[in-house]
1. Filter segment 1-20 for residues that are without any contact (Cβ under 8 Å) to a residue 12 or more places away in the chain, open to solvent by 100 Å² or more (accessible area, probe 1.4 Å) and assigned to a loop (DSSP other than H, G, I, E, B) and give the result.
2. For segment 6-38, name all the residues that are over 29 Å from residue 82 (Cβ atoms) and either in contact with a strand residue (DSSP E or B) (Cβ under 7 Å, 6 or more places away or on another chain) or among the basic types (Lys, Arg) (or both).
3. Listed residues 34, 74; which is touching a Leu at 6+ places or on another chain (Cβ under 8 Å) and assigned to a loop (DSSP other than H, G, I, E, B)?
4. Before we move on, is residue 41 of a type in the set (Gly, Ala, Ser), at pLDDT 90 or above, surrounded by fewer than 12 Cβ atoms within 10 Å (Cβ to Cβ) and touching a strand residue (DSSP E or B) at 6+ places or on another chain (Cβ under 9 Å)?
5. Please tell me if residue 23 is more than 12 Å from residue 7 (Cβ to Cβ) and open to solvent by 40 Å² or more (accessible area, probe 1.4 Å).
6. Hey, among the residues in segment 78-95 that are surrounded by 16 or more Cβ atoms within 10 Å (Cβ to Cβ) and touching a helix residue (DSSP H, G or I) at 6+ places or on another chain (Cβ under 7 Å), which one's nearest to residue 63 (Cα to Cα)?
Amino acid sequence: MRDVSCTLLSKSYLRDEHGNILKENGREKYEIKEIPIPIISVEKVWKNEYYQANQLGLRPSLRIKISSLNYSDEEELIYMDKNYTVIRTDGNNEDEIVLVCQRRANNVKQ
């Protein structure tokens with residue numbers, strides 16, 4: 001039996017003593033912090049949501065409901081050892097938020 005796990009990936013840019021973002025070879029330097037979070041539920045992607053997103057070139061494949069206290073606008077997550085990008089958030093109450101995600105191409109971290 002596999003453990004159902006979800007980890008938010010929080011990106012923070014490295015800064016010098018003056019507050020400027022450090023760069024290396026023209027690219028901004030950052031570190032990624034992994035934050036494990038509890039999942040309330042996993043839902044299927046709705047048909048109309050899938051087709052509307054597909055017209056924009058997106059392919060939603062996962063909806064995860066989590067506590068809104070655990071979410072700080074992270075753009076990526078790992079669910080069941082697979083990387084996902086958060087396409088959008090949804091939620092009609094203050095306590096819970098639904099993350100609509102698409103699987104990363106080739107499952108590669110950037």
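The values are calculated or read from the model by the stated rules, or taken from the named source; none is laboratory data. Please read all numbers here as calculations on a predicted model, not as lab measurements. Cβ coordinates were reconstructed from backbone atoms using ideal geometry, including for glycine residues, and neighbour counts include every protein chain displayed. For the accessible areas, the whole protein counts, side chains as well, though only heavy atoms, and no ligand, DNA or RNA atoms are used. Shrake-Rupley method; radii C 1.70, N 1.55, O 1.52, S 1.80 Å.
1. Listed by number, the residues that qualify are 1, 3, 17, 18.
2. 15, 21, 22, 23 - these are the residues of segment 6-38 that are over 29 Å from residue 82 (Cβ atoms) and either in contact with a strand residue (DSSP E or B) (Cβ under 7 Å, 6 or more places away or on another chain) or among the basic types (Lys, Arg) (or both).
3. Values: 34 fails: assigned to a loop (DSSP other than H, G, I, E, B).
The match here is 74.
4. Details: of a type in the set (Gly, Ala, Ser): yes; at pLDDT 90 or above: no; surrounded by fewer than 12 Cβ atoms within 10 Å (Cβ to Cβ): yes; touching a strand residue (DSSP E or B) at 6+ places or on another chain (Cβ under 9 Å): yes.
Against the criterion (of a type in the set (Gly, Ala, Ser), at pLDDT 90 or above, surrounded by fewer than 12 Cβ atoms within 10 Å (Cβ to Cβ) and touching a strand residue (DSSP E or B) at 6+ places or on another chain (Cβ under 9 Å)), residue 41 does not qualify.
5. So residue 23 fits the description; yes.
6. 87
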